[in-house]
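Student: Please read through the structure below; I'll follow up with questions.
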Amino acid sequence: MSFDSGLVIGYGSQPSKNSVTIWVEKNEAGETSEELAEEDNELYPVDARDKVYSNNFWARFVGQRISNITILKRSYSSALYVDIANEIGLLFQVEDGSRFILSHGLHDDSDDFSVIQESQIDNEIRNDIQGL
């Protein structure tokens, strides 16, 4: 995700923490991290305005200011999850009220990372999410 200031953040999942993670790819001074996601041959960037691989939902976020970020946590009844972060999503809201989620398995209860709309949250886990 690129910002007007020059800041570029990367994001993904960290299954060992059952969480979404973010990191600085490039800071405002142009200094980069050691391993850039844009240099990973297995990743393919998609512009939100791309007519083939995107749609109008995602295009609406281009140029908008982020007004709020909420960490979404999931409650579990299993003791396996007690001592880990369980920060399964970052809910971004922009100035016009539109929202999207950087998700750790919210769409299918997996360890997969995805960027989703709220409507794509799996109904089986929606009630276990704090912060929505």
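The values are calculated or read from the model by the stated rules, or taken from the named source; none is laboratory data. Treat the numbers as computed from the prediction; the structure is a model and nothing was measured. Virtual Cβ from ideal backbone geometry, glycine too; neighbours counted across all protein chains shown. Areas reflect the complete protein model, heavy atoms only, side chains present, ligands, DNA and RNA absent. Shrake-Rupley method; radii C 1.70, N 1.55, O 1.52, S 1.80 Å.
Student: For the range 29-65, what are the residues that are open to solvent by less than 60 Å² (accessible area, probe 1.4 Å) and either part of a strand (DSSP E or B) or touching a strand residue (DSSP E or B) at 6+ places or on another chain (Cβ under 7 Å) (or both)?
Tutor: Taking the range 29-65 and keeping what is open to solvent by less than 60 Å² (accessible area, probe 1.4 Å), we get 30, 33, 36-37, 48, 50, 54, 57-59, 61, 64.
Within the range 29-65, S33, L36, A37, F61, Q64 qualify.
Student: Note down all Cβ pairs under 6 Å where the first residue falls in the range 111-132 and is in contact (Cβ under 8 Å) with a residue 24 or more places away in the chain and at negative phi, the second is part of a loop (DSSP other than H, G, I, E, B) and open to solvent by less than 80 Å² (accessible area, probe 1.4 Å), and they're at least six residues apart or on different chains.
Tutor: Going by the 6 Å Cβ cut-off, the qualifying pairs are D111/G105; D112/G105; D128/S75.
Student: Show the residue pairs meeting these rules: Cβ distance below 6 Å; 6+ apart or different chains; first residue within the range 67-85 and under 16 Å from I129 (Cβ atoms) and at pLDDT 90 or above; second residue open to solvent by less than 90 Å² (accessible area, probe 1.4 Å) and charged (D, E, K, R).
Tutor: Listed pairs, sorted by first residue: I71/E87; K73/E87; R74/D128.
Student: In the range 66-92, how many residues are outside any strand (DSSP E or B), among the β-branched types (V, I, T) and surrounded by 14 or more Cβ atoms within 10 Å (Cβ to Cβ)?
Tutor: Summing the residues that are outside any strand (DSSP E or B), among the β-branched types (V, I, T) and surrounded by 14 or more Cβ atoms within 10 Å (Cβ to Cβ) in the range 66-92 gives 1.
Student: Across the range 1-28, which residue is modelled with the lowest pLDDT among those that are open to solvent by 80 Å² or more (accessible area, probe 1.4 Å) and more than 16 Å from the chain's Cα centre (by Cα)?
Tutor: D4
Student: Of everything in the range 93-132, what is polar (S, T, N, Q), open to solvent by 60 Å² or more (accessible area, probe 1.4 Å) and closer than 20 Å to G12 by Cβ? Give them in sequence order.
Tutor: Answer for the range 93-132, where residues must be polar (S, T, N, Q), open to solvent by 60 Å² or more (accessible area, probe 1.4 Å) and closer than 20 Å to G12 by Cβ: just Q120.
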